[in-house]
Amino acid sequence: MIPELSNPSVCMRDPQRVQEILQSMQKAGSNTLQVISDFDMTLTRFAYNGKRCPTCHNILDNSKLISNDCKEQLKELLNTYYPIEIDSTRSVEEKLPLMVEWWTKAHELLVQEKIKKDMLEVAVRESEAMLREGYQLFFNHLYEHSIPLLIFSAGIGDILEEVIRQAGVFHSNVKVFSNYMDFDETGLLKAFKGELIHIYNKREGALLNTGHFQELRTRPNVLLMGDSLGDLNMADGVQDMENILKIGYLNDKVEERKQSYLDSYDIVLVEDETLEVPNAVLLYLT
Ligand code: C5P
Ligand code: MG
């Protein structure tokens, strides 16, 4: 049906079920569709030429806006907590408080750095952040078909907006739920706004934004894209959902995590740095 679903990176527990969901969504039409996607390591690349690409946090951590001392401390946090994030032997219950600890400590460190709002643009420009191959088609196609795209990220909203702005794809159909920086009247970072979004509370984040999903209630068909099992909850606020197709990027610790990804995502993309499959799905649905 969609030739790209035979790509070597594609794994599906139940291809027949995927086909049924796709057919049902196609029949309903693109005016019933909404897309909900994670940002870091889903819309952005995990690696390029064998080297890890930065998350929103890493863009800042590695930038010249941060002192060397703070860089060291942020790196230590990354080395401590990232292995926990991707550890398939620990339960979500066990990981959740540790993830809150990671985000909280990192944000506290960042706030001490007197980061200037107008320097974020430079930090992003000088970073190695990269959207996945095929991003132009992905963003432009959704825009041209007036399909709403919600980017739901536990990263930093100000940074991710800048990444898509500099890539020329921050169109009017894009809405972002994320952690936003709060600047004082002189433009210095003083805190992060609102409730913290980390990888395991996207359900709560979704339920705080009922207004958004209320506006989209005529779009009960959802394409969800993520790279963490916590991303599966991003659509929990969708009203009267009819169909959901979940595409999951499995970037790291492939063998240990494959079964759990196959059990929860309809389509699993193993070490696939492109948006080829989501794009093919979108072209089929529109
Ligand atoms: O956009 P997304 O929800 O994927 O953003 C979360 C990602 O940010 C996590 O996968 C985590 O590895 C990363 N992170 C980071 N530095 C932090 C906190 C989170 O790189 N201080
Ligand atoms: Mg992610």
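FYI, it's all coordinate maths here, none of it is from the lab. From a predicted model like this one, the values you see are computed outputs, not experimental measurements. Glycine gets a Cβ as well: all are built from the backbone with ideal geometry, and neighbour counts include every protein chain shown.
The table for this structure:
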read-out	value
Of all DSSP beta bridges in region 167-286, antiparallel share, percent nearest 5	25 percent
Pairwise Cα inverse-distance average, inverted: Kirkwood Rh of region 147-230 (Å)	14.3 Å
Whether region 1-85 is rounded, prolate or oblate, judged on the alpha carbon gyration tensor where a/c under 1.5 counts as rounded	prolate
Given charges at Cβ of Lys, Arg, Asp, Glu: the chain dipole, positive-most of GLN26, ILE36, ASN243	GLN26
J(HN,Hα) series, region 229-236, from Karplus relation 6.51 cos²θ - 1.76 cosθ + 1.60, nearest Hz, glycine and proline x	5, x, 5, 5, 8, 4, 9, 5
Largest-first principal axis extents, alpha carbons of region 56-179, Å	43, 36, 22
Rg to Rh quotient for region 205-253, alpha carbon positions, Kirkwood Rh	1.02
FRET E, pair GLU271, THR218, Förster distance 30 Å, beta-carbon r, rounded to 0.05	0.20
Relative packing of 165-178, 64-77, 231-244, which averages over residues the other C-beta atoms within 10 Å, highest first	231-244, 165-178, 64-77
Span from the region 146-166 Cα centroid across to the region 60-95 one, whole angstrom	21 Å
Normalised per residue, the volume of the convex hull around the Cα set of the chain (Å³)	126 Å³
Beta bridges per DSSP with both ends in the chain, % antiparallel, nearest 5	25 percent
